Amino acid sequence: MTFGEQPAYLRVAGDLRKKIVDGSLPPHTRLPSQARIREEYGVSDTVALEARKVLMAEGLVEGRSGSGTYVRERPVPRRIARSGFRPTGGATPFRQEQADADTRGTWESNSAQAEASGAVAERLGIKPGDRVMCTRYVFREAGEAMMLSTSWEPLAVTGRTPVMLPEEGPLGGMGVVERMRAIDVIVDNVTEEVGARPGLAEELLALGGVPGHVVLVVQRTYYASGRPVETADVVVPADRYRVAYHLPVK
């Protein structure tokens, strides 16, 4: 293979992808069989199989048990807007995450004390095994699960205070900034790092995806005078949503 030449399975996958994108193979159409791909492109069974695997990994096709492989309907990505803006008077976690006045939604949550893993401890500036409050959220829009979030707060900061449980008490559901302010912890900075990876099985089950689908992960951390007081992983399906940032100019 000369420099720059694609392997045969990628060339076949590329041609099939083009047909899917331009509508020659519309949604719900059965993908050509392995034998048909082999004959049409003059390739081996192995190449035909690998080309089909590429399209499945990209989320363009899906297998149906006992029926074959079909072109998936391609959703039009919707926007998840994020910014440093925090409305006055408090805001629900959904609004804190969305930062979009036109968004309406619901959420479910569950909080429990846990020991910080090595990765979480590093993000919070504590020791592995230190106690944290772990809260898991499922955010829904029009009944559809569109975002997951898992947050961790060091109990050295919130333990034995009225805001120890993010969704209970007088400030339950008001968001990190307002809750921390109530215990004289002033959040003055927030960082977010965005990455992509294959979704975990439990994430895709909750979000309605299929194995192999990619998710966007927003790793967020709130700081008060340089000290991390909350960190979270926000997970959204990459094929259905785009993360849009609105950053104020100071």
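Quick notes
- Any chance Ala81 is in a strand (DSSP E or B), modelled with pLDDT under 90 and surrounded by fewer than 20 Cβ atoms within 10 Å (Cβ to Cβ): yes
- Criterion applied to Ala232, Ala244 was being within 19 Å of the chain's Cα centre (by Cα), buried (at least 20 other Cβ atoms within 10 Å of the Cβ) and part of a strand (DSSP E or B), and the one residue passing it is Ala232.
- Candidates Leu171, Leu165 - the one that is under 17 Å from Asn110 (Cα atoms), in contact with a Ser or Thr (Cβ under 8 Å, 6 or more places away or on another chain) and touching a residue at least 24 places away in the same chain (Cβ under 8 Å): Leu165
- Checked against (1) over 13 Å from Val12 (Cα atoms); (2) not in a helix (DSSP H, G or I), Val43 meets all criteria but (1).
- Scanning region 194-206 for residues that are open to solvent by 60 Å² or more (accessible area, probe 1.4 Å), of a type in the set (A, V, I, L, M) and not in a loop (DSSP other than H, G, I, E, B), we see that the one that is nearest to Val120 (Cα to Cα) is Val194.
- Which listed residue is surrounded by 17 or more Cβ atoms within 10 Å (Cβ to Cβ) and not hydroxyl-bearing (Ser, Thr, Tyr), from Gly226, Gly209, Gly159: Gly209
- From Ala145, Ala112, residue being farther than 23 Å from Pro237 by Cα and either at pLDDT 95 or above or under 19 Å from the mean Cα position of the chain (by Cα) (or both): Ala112
- Residue-level analysis places Glu73 among those that are charged (D, E, K, R) and part of a loop (DSSP other than H, G, I, E, B).
- When Thr150 is tested against (1) in contact with a Gly (Cβ under 9 Å, 6 or more places away or on another chain); (2) under 23 Å from Pro237 (Cβ atoms); (3) β-branched (Val, Ile, Thr), just one condition goes unmet, and that condition is (1).
- Filtered residues of region 219-239 (kept if charged (D, E, K, R) and modelled with pLDDT of 85 or more): Arg220, Arg227, Glu230, Asp233
- Exclusive hit being buried (at least 19 other Cβ atoms within 10 Å of the Cβ) and under 29 Å from the mean Cα position of the chain (by Cα), set Leu55, Leu10: Leu55
The values are calculated or read from the model by the stated rules, or taken from the named source; none is laboratory data. Predicted model only: the values in this text are computed from it and were never measured. All Cβ positions, glycine included, derive from the backbone under ideal geometry; neighbour counts span all protein chains shown. Heads up: the accessible areas ignore ligands, DNA and RNA and are worked out on the full protein's heavy atoms, side chains in. Shrake-Rupley method; radii C 1.70, N 1.55, O 1.52, S 1.80 Å.
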